[in-house]
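Student: Quick one: structure below, then a few questions.
The values are calculated or read from the model by the stated rules, or taken from the named source; none is laboratory data. For clarity, every value in this text was computed on a predicted model and none was experimentally measured. Ideal geometry is used to build each Cβ from the backbone, glycine not excepted, and the neighbour counts take in all protein chains shown. Accessible surface areas use protein heavy atoms only, side chains included; no ligands, DNA or RNA. Shrake-Rupley method; radii C 1.70, N 1.55, O 1.52, S 1.80 Å.
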Amino acid sequence: MPTVIPTGGALGAEIKNLDLSQLLSGDAIRTVQQALLDHCVVFFRNQTLTEENQIRFTNYFGQTVEHVRKQPDRQHKEIFIVSNIEENGAPIGALGNRELTFHSDLSYLKRPGTISVLYAIEVPRTGGETQWCNCYKAYEALDNDLKTRLKGLRAVHRHYNEDQNPPEHIDHPVVRTHPETGRQSLYVGRHLTKYIVGLPPSESEALLNQLSEHADRPEFVWTHHWQVGDLVMWDNRPTMHRREPFPPTERRLMKRTQVFNADDIPFE
Ligand code: SIN
């Protein structure tokens with residue numbers, strides 16, 4: 001049976017004794033589901049997976065769908081390549097080697113991604129770590145006056161690549177409630193959240209910066225140091241993540257899958 005070992009940090013747990021290339025039993029799937037609800041991020045080391053294996057594993061947790069971003073033609077469109085590697089002068093994937101600041105995946109859509117899965121094929125010798133923020137803890141630690149001020153506020157999320165966005169501007173609650181745990185969490189980050197609806201621009205900027213600095217505190221953040229064969233799965237609803245940059249001379253190749261639940265529109 002799988003064993004769940006919490007990281008002891010702000011969130012995250014390692015799950016041992018599970019070979020994700022094999023069919024998983026109902027009990028094993030329920031253990032992973034519960035660990036994800038409890039720890040927000042779970043990871044498995046030393047996996048050897050085909051793309052079919054990764055898609056089958058992701059499908060245990062909802063419907064795996066193609067990423068909205070255009071990518072070169074691939075056999076399995078559900079696999080999104082995150083990489084800085086170029087072949088024949090063209091990038092084989094997205095996101096390069098730069099730093100990515102805190103965000104929750106696909107928050108610029110009306111129905112954002114719920115669960116994301118990232119599988120490491122090649123990792124750089126230095127840099128490229130991914131950090132997750134526990135947005136439940138970040139919200140719970142706000143003082144009561146600020147919690148009252150955030151009540152009912154909504155923020156617009158938009159991708160910097162305009163062609164990834166839907167035509168309309170999408171807004172979500174600044175504080176959202178997880179549909180399964182019932183817990184509230186902050187749902188804004190400086191990478192994709194543009195402004196708070198109804199506030200003057202300077203006030204919106206100041207509040208977003210204040211919330212972002214708060215969420216950035218070490219007690220809410222946990223860092224994953226990648227090894228080849230790691231598969232990390234996270235719940236985007238109560239977390240944000242960011243990535244450290246890495247040298248352009250290093251290779252990093254990750255395969256990502258994404259779950260959407262058609263009925264998961266963030267609610268307060
Ligand atoms: C992402 O934001 O989905 C990519 C994270 C990473 O490259 O570590």
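Student: How much of residue 255 can a 1.4 Å solvent probe reach, expressed as accessible area in Å² and rounded to 10?
Tutor: Counting only protein heavy atoms, residue 255 exposes about 40 Å² to solvent.
Student: Let me ask you something else. Could you name the aspartates and glutamates in cross-link range of residue 194, using Cα to Cα under 20 Å and dropping any fewer than eight places away on the same chain?
Tutor: Excluding near neighbours in sequence, the set is 99, 105, 162, 163, 168, 171, 203, 205, 213, 216, 268.
Student: Could you give me the radius of gyration and the Dmax of segment 1-92, taking only the C-alpha atoms into account and expressing both in angstrom?
Tutor: Just the Cα atoms of segment 1-92 yield Rg and Dmax of 15.5, 46 Å.
Student: Beyond a 29 Å Cα-Cα separation, which of these cross-linked pairs lie in this structure: 151/255; 110/137; 16/147?
Tutor: Among 151/255; 110/137; 16/147, the Cα-Cα distance tops 29 Å for 151/255; 16/147.
Student: What part of the accessible area of the chain, given as a whole %, is carbon or sulfur when the probe is 1.4 angstrom? Numbers along the way, then the final one.
Tutor: Values: 5900 of 12040 Å².
Solvent-exposed carbon and sulfur of the chain make up 49 percent of the total.
Student: While we're here: At a Förster distance of 22 Å, what's the computed FRET efficiency of residue 73 paired with residue 52, Cβ-Cβ distance as r, to 0.05?
Tutor: 0.80
Student: Right, something else. Treating only the Cβ atoms of Lys and Arg (+1) and Asp and Glu (-1) as charged, compute the dipole magnitude of the chain about its Cα centre; round to the nearest 20 debye.
Tutor: 80
Student: Right, something else. Quote the relative contact order of segment 145-215 in percent (integer), defining contacts as alpha-carbon pairs under 8 Å separated by 6+ residues.
Tutor: 30
Student: Please compute the contact order of the chain in relative form: average sequence separation of alpha-carbon pairs under 8 Å and at least six residues apart, divided by the residue count, as a percent.
Tutor: Working: 582 pairs, mean separation 88.4, N = 268.
Relative CO of the chain lands at 33 percent.
Student: Using C-alpha positions alone, give me the convex hull volume of the chain per residue in cubic angstrom.
Tutor: Spelled out: Cα convex hull of the chain, divided by residues, is 132 Å³.
Student: Can you give me the Kirkwood hydrodynamic radius for segment 145-215, using every pair of distinct Cα atoms, in Å to one decimal?
Tutor: Evaluated on segment 145-215, it is 12.9 Å.
Student: With every protein chain left in place, what is the accessible area per residue of the chain in square angstrom, probe 1.4 Å?
Tutor: Here the per-residue accessible area is 45 Å².
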